[in-house]
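Student: This is the structure I have questions about; it appears just below.
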Amino acid sequence: MRLTAYVLLADPSFLAASLRAYYDHVDRIVLSYDETSTSWTGTPIPVDECLAIAKEVDRDGKCVHAPGRFARLDEHPLDNDTFQRQVALDEASEGADWVLQLDTDEVMLSPAAFLASLERAEAAGASGLDYPARWLYSRVAPGRYLEASSRFGRPVASYPGPLAVRAGTTLTHARQTDAPLYRVDLRPWNTDPSHRHDEIVHEVVDPGDAVLHFSWVRTPEAMRKKFGWSGHTAHYSRPDVYESWVARSRNPRRAVLTSPLRRRDWFRLVTVPEPPGGEP
């Protein structure tokens, strides 16, 4: 099975750890970036810093530069997101069977487990691998994080889109596709609150084999920048989102203890492997 990957270069925070986790398992990595260093929302992004990190990781010359103009300011940011991903996926599909589509703040804990699930997805005739990501909200100490959980502290999966798709797949919204998916979860039933409880689960993996999504694990300055350049502007512009993040980061135990009392936004404190370089 010939495996490639693409990445969208905009955020350097966990880029090196993300690339290194799967670097040895792919033949080629397409580096997609805006040649004007402009985000989907029109703000500046540190593309040169991302390129320098990718160059340092790329010891075997697997990375292929794929610049373009993706800051189409007359389009919705999420439409720009989908457009850039599709362009990158099309290039990564050349000579490949499957294409990884991990974001730069997503780090495989167990590449062996991920690739074993991908082999089973291939055998099942699926067109995409819906593999569980554990969503980290804040780093409260070295190796200690606030993680999204069930109301009473059990681990849950999140699925921003399949983390691997067959070459030539058409994306519908960001990483999502209408193609048939092979779904992997942390329990025999769906654990993602944003999906139906009766969603089919084809395979179960241990939480220690999931992908870590360091989504909101940033310094306050980096978080404010992310709020500006992300395609999910509607979410980040909700009242008190940033203030809630700051308060929960400063008082993580309170965030955990009050979780059962809330209708959403539940957390647990966990110890997970620290990515190389630690906190950005």
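Student: Check whether at least one residue in the stretch 23-40 is within 23 Å of Glu221 (Cβ to Cβ), of a type outside the set (Gly, Ala, Ser) and assigned to a loop (DSSP other than H, G, I, E, B), and report yes or no.
Tutor: Checking the stretch 23-40: at least one residue is within 23 Å of Glu221 (Cβ to Cβ), of a type outside the set (Gly, Ala, Ser) and assigned to a loop (DSSP other than H, G, I, E, B).
Student: Can we say Leu51 is within 20 Å of the chain's Cα centre (by Cα) and in contact (Cβ under 8 Å) with a residue 24 or more places away in the chain?
Tutor: Yes; evaluated as a whole, the condition is true for this residue.
Student: Restricting to the stretch 34-74, name every residue that is among the β-branched types (Val, Ile, Thr), under 21 Å from Lys225 (Cα atoms) and in contact with a Leu (Cβ under 7 Å, 6 or more places away or on another chain).
Tutor: Matches in the stretch 34-74: Val47, Ile53.
Student: What tally of residues in the stretch 17-36 results from selecting those that are surrounded by fewer than 20 Cβ atoms within 10 Å (Cβ to Cβ) and either farther than 20 Å from Leu89 by Cα or charged (D, E, K, R) (or both)?
Tutor: Of the residues in that region, 6 qualify.
Student: With respect to Ser32, determine if the residue is under 24 Å from Thr172 (Cβ atoms), over 16 Å from the mean Cα position of the chain (by Cα) and of a type in the set (Gly, Ala, Ser).
Tutor: Values: under 24 Å from Thr172 (Cβ atoms): yes; over 16 Å from the mean Cα position of the chain (by Cα): no; of a type in the set (Gly, Ala, Ser): yes.
Spelling it out, it is not the case that Ser32 is under 24 Å from Thr172 (Cβ atoms), over 16 Å from the mean Cα position of the chain (by Cα) and of a type in the set (Gly, Ala, Ser).
Student: Further, regarding this structure: Restricting attention to the stretch 100-130, and to residues there that are of a type in the set (Ser, Thr, Tyr) and over 16 Å from Leu3 (Cα atoms), which single residue is farthest from the chain's Cα centre (by Cα)?
Tutor: The extreme case among them is Ser110.
Student: Among residues belonging to the stretch 209-240 that are of a type in the set (Val, Ile, Thr) and at pLDDT 80 or above, point out the one that is surrounded by the fewest Cβ atoms within 10 Å (Cβ to Cβ).
Tutor: In the first step, residues of the stretch 209-240 are kept if they are of a type in the set (Val, Ile, Thr); the result is 211, 217, 219, 233.
Subsequent filtering for residues that are at pLDDT 80 or above retains 211, 217, 219.
Details: Val211: 24, Val217: 23, Thr219: 12.
Ranking the candidates gives Thr219 first.
Student: Restricting to the stretch 50-77, give me the number of residues that are in a helix (DSSP H, G or I) and either surrounded by fewer than 14 Cβ atoms within 10 Å (Cβ to Cβ) or aromatic (Phe, Trp, Tyr) (or both).
Tutor: Total satisfying the criteria: 3.
Student: Any residue in the stretch 18-37 that is without any contact (Cβ under 8 Å) to a residue 24 or more places away in the chain sitting within a Cβ distance under 7 Å of a residue that is of a type in the set (A, V, I, L, M) and assigned to a loop (DSSP other than H, G, I, E, B)? List the pairs, counting only those 6 or more apart or interchain.
Tutor: Ser37/Ile45
The values are calculated or read from the model by the stated rules, or taken from the named source; none is laboratory data. Every value quoted in this text rests on a predicted model; they were computed, and no experiment measured them. Note: ideal-geometry Cβ built from the backbone for every residue, glycine included; neighbour counts use all protein chains shown.
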